[in-house]
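Colleague: Below is one structure. I have some questions about it.
The values are calculated or read from the model by the stated rules, or taken from the named source; none is laboratory data. Computed from a prediction, not measured in an experiment: that's the story for all the values here. Please note: Cβ atoms are built from the backbone with ideal geometry, for glycine as well, and neighbour counts cover all protein chains shown.
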C-alpha cells in the first residue's frame, strides 16, 4: 500500500501476506460468529446451567470431586449446598499437589501451566493459578468472539490485509517443580493459531524483550513503515507506544502530527487490564481523532468474562458460554447469599465468584463488580474487596475514584498521564489525588474542588462525612513530576509488565509515590 506522508513523498507500507479475498471472507464469517454470542446473551440461564453441568461432570471423579460428592450434584441448589465459597488458600493444598505433577486432583488431567500472580487477594504472596488446555481453548474462542463482533459491527473488510501488533510480555516460561510457571497473556501468545501468525507482530527477538520501555522503542523503530491495523495489550501501554512512534518518526525527518499519519490504517485497539476511560483522551489526541477501543474484563481465573460489544451502552457484555460459571455475592449481605448470573440485580455491588475449567470451584476473586444491565447482562469492574479507600468507613471503590476524577477533568480542563488517590488520616482525614499531568490545570485548587464534587455525587457516606468538614476535610491535588507516574509504577510493581497504576493508594504506596512529587519552584 502506498501512502503519502505530510511532506508529500509517497511511502510504501508493508502489508500482510494474506490476499484480499481472505480478509473479505473473514469479514463475512464474522456475522455468523457474532450471532453465537448474541444467542448466548439472550439465553443466559440455559448457557450457564450447561456450563455448570459440564464443569461438575468434569470434576466429579477427581480427588476434590469425590471428597465433596460432586457426582450427587443435579441442580444449582445442589451445587451451592455441596461447594462452599473458597479462595486461593482453600484451593492451595490441591494446587500444590498439581504443581508436583499429580493428576486427577481438581481436574482429571495433569496441569502443565500455572499463571503466576502476586495480587492483593493473597496478602502479597505469590499465587500459582492452574491453566488447563481446556481453559486455553475457551480463551481462544472468547478472543475470536471479541474480534468477530468488532468486524461484524464495523463492517471492516480489510482487517487482515495488514498486521496486528501485540504488546504482550515475553513468552519465556520458568520450569518449577513438575510444571511451567508463566503468565496467562504470555501463554496465550504462544497459542496464536498458525494461520494468524503471519500477520501478527512483533518478531520473536522483540517479543522476548522483558523491559517494556526497550520493547516499545524497538517496535517503533522497526515497524514504522508496516501496515499496522490493530494493536493489542494492556490499555495503559498504548499511549506509551504512540509517543515513541511519533518520536521515532520525527527523528527520521517526518513532520508527523499524529499516529494516523504514520499508520493510516490503524483502526482498533484491543485492550484490557485497566479501565480504558482515563486513557482515551490522550490516546485520541495521539491518534489524531477517535479510534475504536475494545475493553475486556479478564482474569487468570477462567479467562475472559466480558468485553466491549460496540453497542454504545455502559459496561461490558458478559460471555456466559465460554467455560466459566459465574456467581455473585452482594457486598453488603452478611449472610453471603450466592446469586447466579441469571438472577443478578442492576447497580448492586457484588463480589464475583467463579467456577472454571481449570479446577477452581466457587472461587472468590476479591473483585467488586456491578451490572449496568441485567437483560442482557452487562458488567463493570468497581474495585477490589481488599482495595477500597476508606478513611471513615466510606469504602470508596476504584470506579468511584475514576468517575470523580473524570468529573474534575471536565470541570477544570486538563489531561492526566495517570493518577491515584490515597488517604491522609488524622483526627479529621482527607483524600489526596496524586497525578502526573500531560496538560496541567490552570488552578489545582479548582480541580480539587471539582474532584470533591464528583466524590460527593458518587459516594453517599463520603458526602455525609464531608458536610461541614464533620469527618473528612477537603481533598488536595498533588502533581507528580514528568515521568513520575511511569517511574512509580515500575518501582511499585518491581518492573512487572502487567502492573497497573493503582487508582487507590494504600499507606505503603502513598509513601512511595511521594518520591515522585513535582518539586515546587
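Colleague: Looking only at the stretch 205-234, count every residue that is surrounded by 17 or more Cβ atoms within 10 Å (Cβ to Cβ) and assigned to a loop (DSSP other than H, G, I, E, B) and tell me the total.
Modeller: 6
Colleague: Please identify the pairs in which a residue from the stretch 158-171 that is closer than 13 Å to residue 216 by Cβ has its Cβ atom under 6 Å from the Cβ atom of a residue that is modelled with pLDDT under 90, counting only partners at least 6 apart or on another chain.
Modeller: The qualifying pairs are 167/233; 167/237; 168/185; 168/189; 169/183; 169/185; 169/186; 169/497.
Colleague: For the structure I just gave you, tell me whether residue 290 is assigned to a loop (DSSP other than H, G, I, E, B), without any contact (Cβ under 8 Å) to a residue 12 or more places away in the chain and more than 10 Å from the chain's Cα centre (by Cα). Working first, answer last.
Modeller: Working: assigned to a loop (DSSP other than H, G, I, E, B): yes; without any contact (Cβ under 8 Å) to a residue 12 or more places away in the chain: yes; more than 10 Å from the chain's Cα centre (by Cα): yes.
Here the answer is yes, as residue 290 does meet what is asked.
Colleague: Can you tell me how many residues in the stretch 412-447 are surrounded by 18 or more Cβ atoms within 10 Å (Cβ to Cβ) and closer than 19 Å to residue 394 by Cα?
Modeller: The total comes to 8.
Colleague: Restricting to the stretch 459-468, and then to whatever is in contact with a strand residue (DSSP E or B) (Cβ under 8 Å, 6 or more places away or on another chain) and in a helix (DSSP H, G or I), can you tell me which residue is surrounded by the most Cβ atoms within 10 Å (Cβ to Cβ)? Walk me through how you get there before you give the answer.
Modeller: Pass one, the stretch 459-468, residues in contact with a strand residue (DSSP E or B) (Cβ under 8 Å, 6 or more places away or on another chain): 459, 462, 465-466.
Within this subset, residues satisfying the condition of being in a helix (DSSP H, G or I) are 462, 465-466.
Working: 462: 26, 465: 21, 466: 22.
This residue is 462.
Colleague: Can you find a residue that is at pLDDT 95 or above and under 30 Å from residue 93 (Cα atoms) anywhere in the stretch 363-385?
Modeller: yes
Colleague: Right, residue 370: more than 26 Å from residue 68 (Cα to Cα) and either over 22 Å from the mean Cα position of the chain (by Cα) or crowded, with 17+ Cβ neighbours inside 10 Å (or both) or not?
Modeller: Numbers: more than 26 Å from residue 68 (Cα to Cα): yes; either over 22 Å from the mean Cα position of the chain (by Cα) or crowded, with 17+ Cβ neighbours inside 10 Å (or both): yes.
The answer is yes for residue 370.
Colleague: Evaluate the stretch 397-411: report whether one residue or more is surrounded by fewer than 19 Cβ atoms within 10 Å (Cβ to Cβ) and part of a strand (DSSP E or B).
Modeller: no
Colleague: If you don't mind, there's one more thing I want to ask. Given 502, 479, which one is under 27 Å from residue 385 (Cβ atoms), touching a residue at least 40 places away in the same chain (Cβ under 8 Å) and outside any helix (DSSP H, G or I)?
Modeller: Details: 479 fails: under 27 Å from residue 385 (Cβ atoms).
Just a single option satisfies the conditions, and that option is 502.
Colleague: Identify, from the list 102, 45, 60, the residue that is over 27 Å from the mean Cα position of the chain (by Cα) and surrounded by fewer than 17 Cβ atoms within 10 Å (Cβ to Cβ). Write out each step before concluding.
Modeller: Details: 45 fails: over 27 Å from the mean Cα position of the chain (by Cα); 60 fails: surrounded by fewer than 17 Cβ atoms within 10 Å (Cβ to Cβ).
That would be 102, the only listed residue that is over 27 Å from the mean Cα position of the chain (by Cα) and surrounded by fewer than 17 Cβ atoms within 10 Å (Cβ to Cβ).
Every residue, every condition in (1) part of a strand (DSSP E or B); (2) crowded, with 18+ Cβ neighbours inside 10 Å; (3) not assigned by TED's automatic domain parsing to the domain that holds residue 159, yes or no:
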site	(1), (2), (3)
269	yes, yes, no
272	no, yes, no
275	no, yes, no
305	yes, yes, no
314	no, no, no
332	no, no, yes
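Colleague: Can you name every residue in the stretch 214-229 that is within 22 Å of the chain's Cα centre (by Cα) and farther than 14 Å from residue 242 by Cβ?
Modeller: Hits for the stretch 214-229 are 215, 229.
Colleague: Continuing with the same structure: Can you list the strands (runs of 3 or more DSSP E) found entirely within the stretch 144-204 that contain at least 2 residues being under 21 Å from the mean Cα position of the chain (by Cα)?
Modeller: In the stretch 144-204, the matching strands (runs of 3 or more DSSP E) lie at 163-166, 179-182.
Colleague: Residues of the stretch 282-317 being more than 26 Å from residue 55 (Cβ to Cβ) and out of contact with any helix residue (DSSP H, G or I) (no Cβ under 8 Å at 6 or more places or on another chain), which ones? Give the derivation first.
Modeller: In the first step, residues of the stretch 282-317 are kept if they are more than 26 Å from residue 55 (Cβ to Cβ); the result is 282-295, 308, 310-314.
Passing the criteria: 284, 285, 311, 312, 313, 314.
Colleague: Based on this model, can you work out whether residue 173 counts as assigned by TED's automatic domain parsing to the domain that holds residue 311, surrounded by fewer than 22 Cβ atoms within 10 Å (Cβ to Cβ) and in contact with a strand residue (DSSP E or B) (Cβ under 8 Å, 6 or more places away or on another chain)? Break it down into steps so the answer makes sense when it comes.
Modeller: On the way: assigned by TED's automatic domain parsing to the domain that holds residue 311: yes; surrounded by fewer than 22 Cβ atoms within 10 Å (Cβ to Cβ): yes; in contact with a strand residue (DSSP E or B) (Cβ under 8 Å, 6 or more places away or on another chain): yes.
So residue 173 passes the test.
Colleague: Is there any pair with a first residue in the stretch 5-33 that is crowded, with 16+ Cβ neighbours inside 10 Å and a second that is in a loop (DSSP other than H, G, I, E, B) and modelled with pLDDT under 70 whose Cβ atoms are under 6 Å apart and which are 6 or more apart or on different chains, and what are they?
Modeller: Pairs found: 11/5; 13/1; 15/1.
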